[in-house]
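Participant: My questions will all concern the structure given below.
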Amino acid sequence: MTSTSESTPMVRMTDVQKHFGDLHVLRDIDLEVARGEVVVVLGPSGSGKSTLCRTINRLEPIDTGTIEVDGCLLAAEGKALAALRADVGMVFQSFNLFAHKTILENVTLAPVKVRGMSKSDAERTALQLLERVGIANQRDKYPAQLSGGQQQRAAIARSLAMKPKVMLFDEPTSALDPEMVSEVLDTMTSLAAEGMTMLVVSHEMGFARKAAHRVVFMSDGEIVEDSTPNDFFANPRTDRAKDFLGKILSH
Ligand SMILES: Nc1ncnc2c1ncn2[C@@H]1O[C@H](COP(=O)(O)OP(=O)(O)OP(=O)(O)O)[C@@H](O)[C@H]1O
Ligand SMILES: [Mg+2]
């Protein structure tokens, strides 16, 4: 039996290990994300940030350790896995919208198919969400007819339509033209302000400073630092973090 209460972390990873062949890609990962907390994950390319996200909704299996979402151990397969996956929204660098469905259909599909919502309820919710991310007027277009920033906001609305308990973002702005980055970050910032629990892989320092409660720095599959944004940016403790910050702040 599991029990959940306000004090149960929304995500709890305990002693998680994962290899890809000989590569030890996640090492001794202990990470908790509290309800309503926004955690930004930073680290060099190949340090395991995407893999970390993907293990949380079981897109990648782990070798050993445990991952709990809202107090429930992630099941390896079956109905329980589908339910847990629906609780964990994920937004990727590439927008992953269904190309042959309209924006509205993209947002209503899973609530109808997975949550068993009626079509009219799903459409009502979808329109509210599209309104919230500022693209309700794009509802009848197909993804290719939208800008990258609009597509990414549609992807966020689609995830939110499942009423997830936690949202994972893996470099959601890195494929966008610069002028579209801020509209997506603004959407994420308001989501954070509304109390959504979020784990965000992003090198957008402005977002980290403004919206994050914690910054987690990964290197070679390990969590090397875990501190407040102010502390991390002003006083990185390890050489690896100093080196990383030197590189990203200088370009
Ligand atoms: N499916 C896979 N099979 C084998 N190796 C993989 C696989 N996915 C990732 N890796 C390796 O695992 C390591 C961590 O990859 P991961 O994508 O998690 O890094 P990352 O921190 O997200 O990097 P980036 O900043 O470039 O996105 C890398 O060395 C990568 O090459
Ligand atoms: Mg990555």
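Read the figures in this text as sums done on the coordinates, not as results from a lab. On a predicted model such as this, the values are computed, not experimentally measured, just so you know. For neighbour counting, all protein chains shown are included, and Cβ atoms are generated from backbone atoms with ideal geometry for every residue, glycine included.
Participant: Out of region 223-249, which residues are away from ligand 2 (no atom under 16 Å from the Cβ) and either within 14 Å of LEU31 (Cα to Cα) or in contact with a Pro (Cβ under 6 Å, 6 or more places away or on another chain) (or both)?
Facilitator: Within region 223-249, VAL224, GLU225, ASP226, SER227, LYS242, LEU245 meet the criteria.
Participant: Residues of region 103-123 being buried (at least 17 other Cβ atoms within 10 Å of the Cβ) and either touching an Asp or Glu at 6+ places or on another chain (Cβ under 6 Å) or among the charged types (D, E, K, R) (or both), which ones?
Facilitator: The answer is GLU105, THR108, GLU123.
Participant: Tally up the residues in region 157-194 that are under 18 Å from ILE135 (Cβ atoms) and either crowded, with 24+ Cβ neighbours inside 10 Å or of a type in the set (Ser, Thr, Tyr) (or both), please.
Facilitator: 13
Participant: Sort out which residues of region 216-234 are within 15 Å of ligand 1 (Cβ to nearest atom) and either of a type in the set (Phe, Trp, Tyr) or within 15 Å of the chain's Cα centre (by Cα) (or both), and write them in order of number.
Facilitator: Passing the criteria: VAL216, PHE217.
Participant: When you check VAL133 against the structure, is it in contact (Cβ under 8 Å) with a residue 24 or more places away in the chain and either over 24 Å from THR51 (Cα atoms) or among the basic types (Lys, Arg) (or both), yes or no?
Facilitator: Here the answer is yes, as VAL133 does meet what is asked.
Participant: What are the residues in region 8-50 that are of a type in the set (Ser, Thr, Tyr) and either under 25 Å from ARG209 (Cα atoms) or within 16 Å of ligand 2 (Cβ to nearest atom) (or both), if any?
Facilitator: The answer is SER45, SER47, SER50.
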